[in-house]
1. Can you list the strands (runs of 3 or more DSSP E) lying wholly within segment 90-199 that have 3 or more residues being not β-branched (Val, Ile, Thr)?
2. What's the number of the condition residue 91 fails, among (1) at pLDDT 90 or above; (2) more than 30 Å from residue 69 (Cα to Cα)?
3. Filter segment 114-160 down to residues that are β-branched (Val, Ile, Thr) and open to solvent by 60 Å² or more (accessible area, probe 1.4 Å), then give me how many there are.
4. Here's a check for you: in segment 68-79, which residue that is part of a helix (DSSP H, G or I) and without any contact (Cβ under 8 Å) to a residue 12 or more places away in the chain is farthest from residue 51 (Cα to Cα)?
5. For segment 80-113, enumerate the residues that are surrounded by 14 or more Cβ atoms within 10 Å (Cβ to Cβ), aliphatic (A, V, I, L, M), free of Cβ contacts under 8 Å to residues at least 60 places away in the same chain and closer than 19 Å to residue 146 by Cβ.
6. Looking only at segment 45-67, count every residue that is assigned to a loop (DSSP other than H, G, I, E, B) and surrounded by 12 or more Cβ atoms within 10 Å (Cβ to Cβ) and tell me the total.
7. Considering segment 117-148 alone, what residues qualify as being of a type in the set (A, V, I, L, M) and touching a strand residue (DSSP E or B) at 6+ places or on another chain (Cβ under 6 Å)?
8. Right, residue 109: at pLDDT 90 or above and touching a strand residue (DSSP E or B) at 6+ places or on another chain (Cβ under 7 Å) or not?
Amino acid sequence: MMTLTHCRRLDDADPLRPLRAHFHIPPDTIYLDGNSLGLMPLTAPARAAQVVQQEWANGLIRSWNAAGWFDLPQRLGARIAALIGADADEVVAADTTSVNLFKVLSAAIRIAQHAGPKRRVIVSERSNFPTDLYIAQGLCQTHGCSLQLVEADGVLPAGDHAIRWDRLDTRGQRVAPGVYRARLKAGAETRTLDVVLLD
């Protein structure tokens with residue numbers, strides 16, 4: 001049975017427990033929202049002051065090189081790489097999630113416009129972070145695309161649904177008339193249907 005005493009015992013035995021001492025934790029606070037904004041490291045105020053008062057205020061543009069700002073994305077990426085099982089030169093830390101999403105979707109739309117101009121739909125899970133969906137909506141409006149929201153894991157709510165096929169294969173090529181297979185899955189049940197495509 002899970003009790004407060006049992007939880008405290010697990011907490012005491014946790015090898016990561018000493019890391020708590022590296023962060024400012026407000027009194028009487030249990031903070032579980034670290035994915036959005038983590039607890040402040042105790043070294044953060046001094047480091048921020050150094051960047052603002054020394055590197056920025058006095059170093060000015062020289063700090064891109066002298067303070068190592070220019071290669072900071074690579075240096076941080078190399079440190080992150082060890083945590084995710086990548087080589088040091090395979091990871092770069094750059095911008096925020098939202099900015100990176102904007103850049104990757106913009107690039108994907110440009111590639112699609114060149115390789116398969118009739119492919120004009122961006123598909124996203126409905127439960128994605130709202131600002132991510134706003135970015136996708138804005139790009140769709142700018143580039144004449146549409147945003148299709150689906151339930152997590154491709155699950156649709158109960159009811160009747162219609163899916164329209166644009167006659168494009170996975171490479172964006174228009175397919176010829178013929179007989180094709182459609183696979184429908186609902187829960188544990190999978191059904192395969194023959195679909196006749198007329199010219």
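1. 146-150, 178-186, 189-197
2. The number of the failed condition is (2).
3. 4
4. If we take residues in segment 68-79 being part of a helix (DSSP H, G or I) and without any contact (Cβ under 8 Å) to a residue 12 or more places away in the chain, then 79 is farthest from residue 51 (Cα to Cα).
5. Correct list: 101, 105, 109.
6. Applying the first criterion (assigned to a loop (DSSP other than H, G, I, E, B)) to segment 45-67 yields 57-59, 67.
Still in the running and surrounded by 12 or more Cβ atoms within 10 Å (Cβ to Cβ): 59, 67.
Result for segment 45-67: 2.
7. 121, 122, 123, 136, 147
8. When the stated conditions are applied, residue 109 does not pass them.
The values are calculated or read from the model by the stated rules, or taken from the named source; none is laboratory data. The model shown is predicted, which means the values in this text are computed figures rather than measured ones. Because the Cβ atoms are built from the backbone with ideal geometry, glycine has one as well, and the counts that use them run over all protein chains shown. Side chains are part of the model used for accessible areas, which takes the heavy atoms of the whole protein and leaves out ligands, DNA and RNA. Shrake-Rupley method; radii C 1.70, N 1.55, O 1.52, S 1.80 Å.
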